[in-house]
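What follows is a set of notes on a single structure, which appears directly below.
What follows is calculated from the coordinates using simple rules that are stated; it is not laboratory data. Here the structure is a predicted model, which is why all the values come from computation and not from measurement. In this analysis, Cβ positions are derived from the backbone assuming ideal geometry, glycine residues included, and neighbour counts consider all displayed protein chains.
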Amino acid sequence: MSRPLRGGTFFQTMKIEKEQNTVNQPEGSYWELFSCFFKIGLFTFGGGWAMISIIEREIVDKHHWIERDDFLDLLAIAQSLPGILAVNIATAVGDKIKGGKGSMISAAGTILPSFLIILFIAIFLTPDMIKNNRVISSIFMGIRPAVVALIIAPVITSAKAAKLKWKTVWIPFIVALLISLDMGTVSNPILYIVLGGLGGFLMWWLPSRKRKSNQ
Amino acid sequence: MTIYWKLIWAYIKIGIFGFGGGYAMLSLVEKSVVGPGWISETMFTDIVAISQMTPGPIGINSATYIGYVAPGSVNPELTGIGWGIMGSLLATLAVVIPSFILVLYSSHFIRRHSESGAIKAIFSGLRPVVVGLIASAAIMLMNAANFNPNGISWQLWTNIVICAIAFCLVYFKFPWRGKKINIHPIMVIVMAGIAGYLIYGL
């Protein structure tokens, strides 16, 4: 690291924030952001993880609003906080692109499609009309396995973006295995987020401490 | 009116204590809405089924639906579209706002310190973990409910083929009029839905 800056002075952080804002601000209007996340909300079936593929395509590849490795960091934030994952992801991404207002707009865009559809069902239909509808259930029998594929694809793209080295390549395997065993505390994702953050911190802190004591 | 306050409070709690998103939250939702008798157990199962058949996060779907139904089922005077929509709106906002504030606050904090070595180090440790988290989500969704809901083996194989084709379409680039193009994930979902209708619906 060229700048061993811990915390930094008030003015330094102000400057950094300003720089980042100017880097992130210009592209895209609020309307573009909203319609982007409305689309994402409309086609997200099966929870927050399923939206990753669509976000990668829309936000990272098409609009270039965010780098892929930055997106991974945002996913870490979204997953480690409570609440609805899809909304957390939208909030974090919207904030990164357009600040506080952007986060509100992207969260609203993600929520609105399902809110309107469920409201429509609650007002005009009964649950049985949906549940026992042959056409809808057959469509969803096709969509569900495809959604799984939409989550497998970002495993590979994110593994590339994470720049895994021989030292770290085992981590995703162990984490995926232990979480999918579904064994209470051992399978709690928060545990691995804490361990990962702690591990990264120690790998940086211990060597720098040693260097200091040698001087 | 008290039902609205109770509704807001219940969904704020779900928003704060619901870790892991989606189905991990369901038992918490069930306890907080079936327990006080706002909706019946069967209705809750119906809502889960509808959530699986509509887009969007299950947390939002349940908040919207239960917010609509609960006022009328507790107090018959509050039946009607207006009262229902008010409940929907309040419950949905209540489940979203706590985590919205938390995410906003933490990402601002992190951005303010994004040049610090400690934050950089923490995120470099987190990235491999996030890859593992996505992989675990994929593994856990490879279950009977998604691939073989009726327990029929030709359907299982068909669904595996749908999954494999969908993966190839999203992941690989295809030549199209001299250019290499990626097929949009939304397009893949639409095609899978059509395939599902043609295979299982006719």
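Side notes on the structure shown:
- Dipole of chain B [Lys/Arg +1, Asp/Glu -1 at C-beta], most positive-end residue of B:Pro57, B:Ile160, B:Gly117: B:Gly117
- When the Cα atoms of the range B:61-130 are aligned to their principal axes, the ranges along those axes come out at 60, 23, 15 Å in descending order.
- Counting 0.36 nm for each residue step from B:Asn150 to B:Ser27 and taking away their Cα separation leaves a gain of 41.9 nm.
- Between A:Ser29, A:Ser53, A:Ser114, the Gaussian network model of chain A with springs among Cα atoms under 10 angstrom shows the greatest mean-square fluctuation at A:Ser29.
- For the range A:132-215, trypsin sites (Lys or Arg not before Pro) meeting the loop criterion (DSSP other than H, G, I, E, B) and having at most 10 other Cβ atoms within 10 Å: A:Lys165, A:Lys167.
- Across peptide A:170-181, the mean count of Cβ atoms from other chains lying within 10 Å of each residue's own Cβ comes to 6.
- B:Leu141 sits among other residues whose Cβ lies under 13 Å from its own Cβ, and their net charge, with Lys and Arg +1 and Asp and Glu -1, is 0.
- Around B:Ser40: net Lys/Arg minus Asp/Glu count, Cβ-Cβ under 13 Å: -3
- Bins of 10 Å from zero: percent of alpha-carbon pairs in the range B:143-201: 21, 45, 24, 8, 1
- The three principal axes of the Cα atoms in the range A:66-106 give end-to-end lengths of 23, 22, 11 Å, sorted in falling order.
- For chain B, taking the reciprocal of the average inverse distance between every pair of different Cα atoms yields a Kirkwood hydrodynamic radius of 20.4 Å.
- Three-way shape call for chain A based on the alpha-carbon gyration tensor, with the a/c threshold at 1.5: oblate
- Fluctuation leader among A:Val155, A:Val194, A:Val87 - chain A, Gaussian network, Cα springs under 10 angstrom: A:Val194
- Membrane-span-like helices in chain B, defined purely by DSSP H runs whose alpha carbon atoms cover 20 Å or more axially and whose average Kyte-Doolittle hydropathy reaches 1.0, are B:2-17, B:81-112, B:117-141, B:153-171.
- Using the alpha-carbon positions of the protein assembly as shown, Rg (one decimal) and Dmax (whole number) come out as 22.1, 77 Å.
- Under a model in which nothing but the beta-carbon of Lys, Arg (+1) and Asp, Glu (-1) is charged, the range A:15-132 shows a dipole of about 280 debye around its Cα centre.
- Its DSSP H runs of at least 4 residues, each contributing -39,500 (n - 2.57), put the calculated 222 nm mean residue ellipticity of chain A at -24500 deg cm²/dmol, to the nearest 500.
- Label separation (B:Ala164 vs A:Arg134): 3.0 nm, computed from points 7 Å beyond Cα along the C-beta direction.
- Structural descriptor for chain A: relative contact order 21 percent, calculated from alpha carbon pairs under 8 angstrom and at least 6 residues apart.
- Of A:Lys160/B:Lys180; B:Lys120/B:Lys179; A:Lys98/B:Lys13; A:Lys62/A:Lys131; A:Lys163/B:Lys173; A:Lys62/B:Lys31, those spanning more than 31 Å from alpha-carbon to alpha-carbon: B:Lys120/B:Lys179; A:Lys62/A:Lys131; A:Lys62/B:Lys31
- Working note: 222 nm ellipticity from helices only, DSSP H runs with n ≥ 4, each -39,500 (n - 2.57), summed and divided by the residues of chain B, gives -24500 deg cm²/dmol to the nearest 500.
- Convex hull per residue volume in Å³, alpha carbons only, for the range A:15-132: 113
- Reported to the nearest whole Å, the Cα centre-to-centre distance from the range B:29-94 to the range A:152-214 is 38.
- Shielding by other protein chains, B:160-166, mean Cβ within 10 Å: 5
- Whole-Å distance, taken between Cα centres, linking the range A:31-61 and the range B:157-202: 17
- Relative contact order [Cα under 8 Å, 6+ residues apart], the range B:143-201, whole percent: 20
- Each peptide among A:93-99, B:127-133, A:123-129 gets the average number of other Cβ atoms lying within 10 Å of its residues, and from highest to lowest they stand as B:127-133, A:93-99, A:123-129.
- Shown here for the range B:94-202: trypsin sites (Lys or Arg not before Pro) in loop regions (DSSP other than H, G, I, E, B) with at most 10 other Cβ atoms within 10 Å, namely B:Arg177.
- Distance-filtered residues of the range A:136-166 - backbone nitrogen under 15 Å, label point 7 angstrom along A:Phe173 Cα→Cβ: A:164-166
- Net charge over other residues, Cβ less than 13 angstrom from the Cβ of B:Pro71 (K, R count +1; D, E count -1): 0
- Efficiency of FRET between B:Thr2 and A:Lys160 - r from beta-carbon atoms, R0 41 angstrom, step 0.05: 0.15
- Database remark: amide H of A:Gly83 closer than 5 angstrom to the amide H of B:Gly18, B:Phe19, B:Gly20, B:Gly21 (H placed geometrically; neighbours at sequence offset of 5 or more, or on other chains; Pro and chain starts carry no H).
- For A:182-195, mean number of other protein chain Cβ atoms within 10 Å: 3
- The share of C-alpha pairs in the range B:112-188 whose separation exceeds 20 Å stands at 59 percent.
- Here is the list for the range A:132-202: chymotrypsin sites (Phe, Trp or Tyr not before Pro) lying in DSSP coil, each with at most 14 other C-beta atoms within 10 angstrom of its C-beta, are A:Trp166.
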